[in-house]
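I have placed the structure first, in the form of structure tokens, so that the comments after it can refer back to it.
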Amino acid sequence: MKLTAKVKLLASPEQHRAMEKTMRAANAACNWISEQAWAANEFSAYGIHKLAYRGARERFALPSQVAVRCISKVADAYKLDHRTRRSFQPLNAIAYDDRILRWHLAEGHVSLTCLEGRLRVGFAAGERQFALLAHQQGESDLILRKGVFYLAATCNVQEPAPTDVDDFLGVDFGIAHIAADSDGKHYSGSEIKSVRHRQRRLRRKLQAKQTTSANRRLRKLAGKEERFATHTNHVISKQLVASAKGTGRGLAIEQLVGIRQRVKVGRKQRAVLHSWAFSQLRLFLEYKAKLVGVPLVLVDPRNSSRECSCCHHISKSNRPNQSSFRCISCGHQDHADTNAANVIAGRAACKPAIRGRRLSADRPAKLPASSR
């Protein structure tokens, strides 16, 4: 499984200037290469290499392998379609491979190629990053964010074979409760909902001012809400996987595809629905489950909130309000989210026809650099 280890580079002012100069030159070269490829209608990596390699090296004084990586970056950008000419910002991330970057984990530094030659730059990393970097394989991206350089390294981690299970821990996703499992544990969404509301209100207020200090405050707030939501999803997914692992069960979750297109809400609820990061939570559950050998199954969520987990009677009347479930057939009562989680667990364990696909063991999970 491919994971990403993100480390902070401890660059001196001279090293910082050298890396920024290299980044600007590489992205300028990418723009020039893109223009040549567009004019010649040539979008394959081999064709672009023949077309622009020598010119890129001569015009931008790039080391040979840096020029090769720029050509690959342009070719990858055109893989989506050939109808739009691709352009690159001056401080976009650039890729380094093993020929132009070497990790020295014992010494705590990396050696990377810049326009002025080879630099030896220290880095800061935690225990988890060092454990991942022991499996580093492939490219590493040099990123400049808020004046600080980072390296995001691709690491190929071996995952254990999933264990055979007969029972599943069902997980129901929602907004009032971000997740609820079939054991009756709820992971409330009130805190993250409050943070999002407060941040939206503050951004609206600052954007209306349009002053220098307001813009400075907006830059400082950038990403804060996203980091909090990501951290919350990490905590919830870690607890769910640990619960399934500790009880020898698999995980059963909903396959929520196209929910934003299907669900219609009022104007006041649109921001809440569209800021719901259930896709990220699912991604975190997938890779954390794979790391510990917990099988994860996707099930059809259709009518899971209206079906009784005891008698399987389906009716809209079974759910009189958001939090309550009372079956009109057998009289079963439970919290609506817990009942839905039990339905999902039952579908995964007892109804193979609607179980959905079991996640492939060789499917890579590419993660945000802040994952833990």
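The values are calculated or read from the model by the stated rules, or taken from the named source; none is laboratory data. Quantities reported herein were computed from a predicted structural model and do not represent experimental measurements. Note that we place each Cβ from the backbone using ideal geometry, even for glycine, and neighbour counts take in every protein chain shown.
Odds and ends about this structure:
- Only one of the listed residues (Val68, Val74) is surrounded by 17 or more Cβ atoms within 10 Å (Cβ to Cβ), more than 25 Å from the chain's Cα centre (by Cα), modelled with pLDDT of 95 or more and closer than 26 Å to Asn156 by Cα. That residue is Val68.
- Residue count, segment 77-91 (criterion: surrounded by 12 or more Cβ atoms within 10 Å (Cβ to Cβ) and of a type outside the set (Phe, Trp, Tyr)): 7
- Residues located in segment 283-305, provided they are more than 19 Å from the chain's Cα centre (by Cα) and assigned to a strand (DSSP E or B): Val297, Val299
- Selection from segment 318-340 of residues that are basic (Lys, Arg) and more than 22 Å from Ile253 (Cα to Cα): Arg326
- Test for Glu42: is it of a type in the set (Asp, Glu), modelled with pLDDT of 95 or more and either surrounded by 13 or more Cβ atoms within 10 Å (Cβ to Cβ) or under 27 Å from Gly108 (Cβ atoms) (or both): no
- Considering segment 140-259, the qualifying helices (runs of 4 or more DSSP H), each wholly inside and each with 1 or more residues that are farther than 30 Å from His335 by Cα and in contact with an Asp or Glu (Cβ under 6 Å, 6 or more places away or on another chain), run over 190-209.
- The one condition in (1) surrounded by fewer than 19 Cβ atoms within 10 Å (Cβ to Cβ); (2) assigned by TED's automatic domain parsing to the domain that holds Asn342; (3) not aromatic (Phe, Trp, Tyr) that Ala179 fails to fulfil: (1)
Residue by residue, here is whether (1) without any contact (Cβ under 8 Å) to a residue 60 or more places away in the chain; (2) in contact with a helix residue (DSSP H, G or I) (Cβ under 8 Å, 6 or more places away or on another chain); (3) of a type in the set (Lys, Arg) holds:
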residue	(1), (2), (3)
Ala277	yes, yes, no
Leu281	no, yes, no
Leu285	no, yes, no
Lys290	no, no, yes
Val297	no, yes, no
Arg302	yes, no, yes
Arg306	yes, yes, yes
Ser309	yes, yes, no
His313	yes, no, no
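- Conditions (1) of a type in the set (D, E, K, R); (2) closer than 21 Å to Pro13 by Cα; (3) in a loop (DSSP other than H, G, I, E, B): number failed by Arg118: (3)
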